[in-house]
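Chemist: Can you read through this structure? Questions will come right after.
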Amino acid sequence: FLQANFRFLVADSADLRRSAYDADHMVSWEDVVQVEAGSVEPLSCPVCFDDAPVAPQMTVCGHSFCFPCIARHILTTRGDGKPAKCPMCFTEIRLVDLRSVRRRGIKPPSVGKTQKFVLMARHRNSNVPGRRTAKAPPPPASGEWPRALPDCGCDVFAKYTLTGEEVAIATQECESLESHIAVLAEQSAVGELPFALAAVDAMTRRLDRWI
């Protein structure tokens with residue numbers, strides 16, 4: 001489900017050699033920095049129904065939540081040495097397996113509108129695509145995945161995009177969570193604070209692993 005519906009921003013250190021020629025091979029989840037979800041509708045949290053999720057995270061089963069919301073669910077429903085289960089599909093989930101998710105807006109085609117197509121090419125022994133035009137360079141060789149520019153998401157056509165911005169992405173997530181904690185403190189929402197702090201702790205641990 002993840003491979004069929006999302007694109008992935010992965011760390012430079014990821015081993016993508018097998019994925020370059022085997023379309024069904026999934027990169028190690030440890031190397032995934034961020035998941036990009038193409039969607040017509042904005043991301044929303046199915047727990048609090050907020051259309052602007054706080055530091056949205058995706059589970060290994062492909063569902064997105066506010067970080068504090070899914071942290072609360074994981075910490076309050078796990079027990080007897082077993083991990084918690086996704087509130088949407090009941091797949092086992094853990095805080096350490098969550099990954100940041102961003103939305104890539106999609107405009108659906110409609111009658112009367114012009115649809116633009118892009119001619120693509122790839123080497124015979126590679127699944128890595130590239131644009132094919134008179135001025136464009138030849139398609140990338142096997143294993144040469146596209147790289148993300150600073151503040152940019154995944155390549156539009158490739159399943160994996162390499163990035164060295166793990167620290168910047170995690171830092172931005174932490175800042176978003178800290179802003180949320182400040183709001184909770186002002187509102188004296190004592191019941192929500194522990195789970196927001198747990199989300200910060202989980203993000204900090206993730207940042208430490210990348211560093």
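The values are calculated or read from the model by the stated rules, or taken from the named source; none is laboratory data. Keep in mind it's a predicted model, so treat the numbers as computed, not measured. So basically every Cβ, Gly included, is an ideal-geometry build from the backbone, and we count neighbours across all protein chains shown. Accessible surface areas use protein heavy atoms only, side chains included; no ligands, DNA or RNA. Shrake-Rupley method; radii C 1.70, N 1.55, O 1.52, S 1.80 Å.
Chemist: Let me spell it out: the conditions are (1) out of contact with any strand residue (DSSP E or B) (no Cβ under 7 Å at 6 or more places or on another chain); (2) open to solvent by less than 70 Å² (accessible area, probe 1.4 Å), and Asp151 meets all of them except one. Which number is the exception?
Modeler: Checking Asp151 against (1) out of contact with any strand residue (DSSP E or B) (no Cβ under 7 Å at 6 or more places or on another chain); (2) open to solvent by less than 70 Å² (accessible area, probe 1.4 Å), the one that fails is (2).
Chemist: Specify which of the listed residues (Leu162, Leu207, Leu149) is modelled with pLDDT under 90, out of contact with any Ser or Thr (no Cβ under 6 Å at 6 or more places or on another chain) and closer than 20 Å to Leu16 by Cα.
Modeler: Values: Leu162 fails: modelled with pLDDT under 90; Leu207 fails: closer than 20 Å to Leu16 by Cα.
Of Leu162, Leu207, Leu149, the one residue that is modelled with pLDDT under 90, out of contact with any Ser or Thr (no Cβ under 6 Å at 6 or more places or on another chain) and closer than 20 Å to Leu16 by Cα is Leu149.
Chemist: While we're here: Say whether the condition of being part of a helix (DSSP H, G or I) and either under 30 Å from Arg122 (Cβ atoms) or open to solvent by 10 Å² or more (accessible area, probe 1.4 Å) (or both) is met by at least one residue in the range 47-58. Show your work before the answer.
Modeler: Keep residues of the range 47-58 that are part of a helix (DSSP H, G or I), which gives none.
Scanning the range 47-58, I find no residue that is part of a helix (DSSP H, G or I) and either under 30 Å from Arg122 (Cβ atoms) or open to solvent by 10 Å² or more (accessible area, probe 1.4 Å) (or both), so the answer is no.
Chemist: Checking the conditions here, which among Ala4, Ala20, Ala71, Ala37 is in contact with a Phe, Trp or Tyr (Cβ under 6 Å, 6 or more places away or on another chain) and in a helix (DSSP H, G or I)? Don't jump to the end; show me each part of the working.
Modeler: Working: Ala4 fails: in contact with a Phe, Trp or Tyr (Cβ under 6 Å, 6 or more places away or on another chain); Ala20 fails: in contact with a Phe, Trp or Tyr (Cβ under 6 Å, 6 or more places away or on another chain); Ala37 fails: in a helix (DSSP H, G or I).
Unique residue meeting the criteria: Ala71.
Chemist: Moving to a separate point now. Determine the pairs where a residue that is farther than 15 Å from Thr161 by Cβ, located within the range 18-33, has a partner that is open to solvent by 40 Å² or more (accessible area, probe 1.4 Å) and aliphatic (A, V, I, L, M) with Cβ atoms under 8 Å apart, the partner being 6 or more residues away or on another chain.
Modeler: If the second residue must be open to solvent by 40 Å² or more (accessible area, probe 1.4 Å) and aliphatic (A, V, I, L, M), the pairs left are Trp29/Val60.
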